[in-house]
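Participant: Encoded as C-alpha cells, here's the structure I'll be asking about.
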C-alpha cells in the first residue's frame, strides 16, 4: 500500500498549501487571498464580513504607534472550586489557553493615545476560553476603570465574549456587578465610557458592562445577545427574524448608537473623544 500512502500525503500537502494562500469568507463563501484578508484587518474584501482579530491586533489598529502602556498583565484566573468536568480540570484549560495565546487572561488592559487623545482601553480576546468573563477578567476591567478615574481619562472597552466563565461559579457571575460598579464610578465623575461590541458579545458580558456605555458602538454583523437563539425560540414558541441578535437588529431597536466598520473605528473614536475634550 505504499502508493496509497504517498498519494494521500501529496494531496494533504496540496490542501495545506491552498489553506496558506486562500481563506473562505464565512458569510459570502468567497475565496480571497489570505494576505489580502489580513491586510484588510480580517475583513472580507468582497462582502465586508468582519472576522475575529486578537487583542493585540486591535490595539495596534486603534492606538497610536508606540503609545500603548499595558498594565495588570500578571493578573490570572483563579480556581476556587478546583473545578473538573468531563474534559479535565479547569486549571489545565487555563494553562492550555495561556500557551496558545500568550495571554494570562481573556482581556488586555492599558493606556495609550487615539489620534493624540489619551485614553484607557480594555480589549477582550475570544481565543482565551471564548473570551469568557472570569474573576481575573473582571478584576482587570475594574482596575482599568479605576485607572481612568484616577487620571480622569476616558475608558473604552472592546467586548468579544461567550459570556460568564461558569468554571468559577458565583465568583464569575459576581464580575457582572463588579465591573458595572467600576463604570458607575466613572459616571459619577462624568468621565466618558465607550463600549464597542464585536462578534460575539453574549451572555453575562452583554448583560453587564458591554451594554451600559455612554455610547454603544458595534462592528457590522456582530452577534450580540444574552441567551442563544434556539433557547429563546423554544421558550417563547415563536420563530425569530433572520437578523435577530445582530448589530443591525439592535441598532434598529435602539440598543446601539451606531455601527462602525473596523477600518473607520479609530477615527470615529477619536472624533467622539474630541467632543468630550472640548
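The values are calculated or read from the model by the stated rules, or taken from the named source; none is laboratory data. Just so we're clear, the structure is a prediction, and the values are computed from it rather than from any experiment. We place every Cβ from the backbone using ideal geometry, glycine too, and count neighbours over all the protein chains shown.
Participant: Out of 189, 127, report the one residue that is surrounded by fewer than 20 Cβ atoms within 10 Å (Cβ to Cβ), in contact with a helix residue (DSSP H, G or I) (Cβ under 7 Å, 6 or more places away or on another chain), under 28 Å from residue 261 (Cα atoms) and in the same structural domain as residue 269 (by TED's automatic domain parsing).
Facilitator: Checking each option against the conditions leaves just 127.
Participant: Still on this structure, I have one more. Taking residue 183 as meeting all but one of (1) in contact (Cβ under 8 Å) with a residue 40 or more places away in the chain; (2) outside any strand (DSSP E or B); (3) surrounded by 19 or more Cβ atoms within 10 Å (Cβ to Cβ), write down the number of the exception.
Facilitator: (1)
Participant: Which number in (1) surrounded by fewer than 18 Cβ atoms within 10 Å (Cβ to Cβ); (2) out of contact with any helix residue (DSSP H, G or I) (no Cβ under 7 Å at 6 or more places or on another chain) marks the one condition that residue 41 misses?
Facilitator: Single failed check for residue 41: (2).
Participant: Could you give me the residue pairs with C-beta distances under 6 Å whose first residue belongs to the stretch 83-103 and is under 14 Å from residue 134 (Cβ atoms), whose second residue is in a helix (DSSP H, G or I) wherever it lies, and which are 6+ apart or on separate chains?
Facilitator: 83/90; 83/167; 90/167; 97/129
Participant: While we're here: Checking residue 117 against (1) surrounded by fewer than 24 Cβ atoms within 10 Å (Cβ to Cβ); (2) under 18 Å from residue 73 (Cβ atoms); (3) in contact with a helix residue (DSSP H, G or I) (Cβ under 9 Å, 6 or more places away or on another chain), which test does it fail?
Facilitator: Exception for residue 117: condition (2).
Participant: Let me ask something else about it. As an exercise: evaluate residue 142 against (1) closer than 20 Å to residue 56 by Cβ; (2) under 17 Å from the mean Cα position of the chain (by Cα) and give the number of the one condition it does not meet.
Facilitator: If we test residue 142 against (1) closer than 20 Å to residue 56 by Cβ; (2) under 17 Å from the mean Cα position of the chain (by Cα), just (1) comes out false.
Participant: Let me ask something additional. Checking the structure you have, find out if any residue of the stretch 199-209 is closer than 26 Å to residue 120 by Cα, touching a residue at least 12 places away in the same chain (Cβ under 8 Å) and more than 17 Å from the chain's Cα centre (by Cα).
Facilitator: No - not one qualifying residue is present in the stretch 199-209.
Participant: I've got another one for you. Please state which of the following conditions residue 177 fails to meet, knowing it meets all the rest: (1) outside any loop (DSSP other than H, G, I, E, B); (2) under 20 Å from the mean Cα position of the chain (by Cα); (3) surrounded by 16 or more Cβ atoms within 10 Å (Cβ to Cβ).
Facilitator: (3) is the only condition that residue 177 fails.
Participant: Also: For the stretch 249-263, how many residues meet the condition of being surrounded by 14 or more Cβ atoms within 10 Å (Cβ to Cβ) and either in a loop (DSSP other than H, G, I, E, B) or out of contact with any helix residue (DSSP H, G or I) (no Cβ under 6 Å at 6 or more places or on another chain) (or both)?
Facilitator: 8
Participant: Kindly list, by first and then second residue, each pair from a residue in the stretch 61-79 that is in the same structural domain as residue 96 (by TED's automatic domain parsing) to a residue that is exposed (fewer than 13 other Cβ atoms within 10 Å of the Cβ), limited to pairs with Cβ atoms under 7 Å and residues at least 6 apart or on different chains.
Facilitator: Here the result reads 64/116, each pair linking the stretch 61-79 to a residue that is exposed (fewer than 13 other Cβ atoms within 10 Å of the Cβ).
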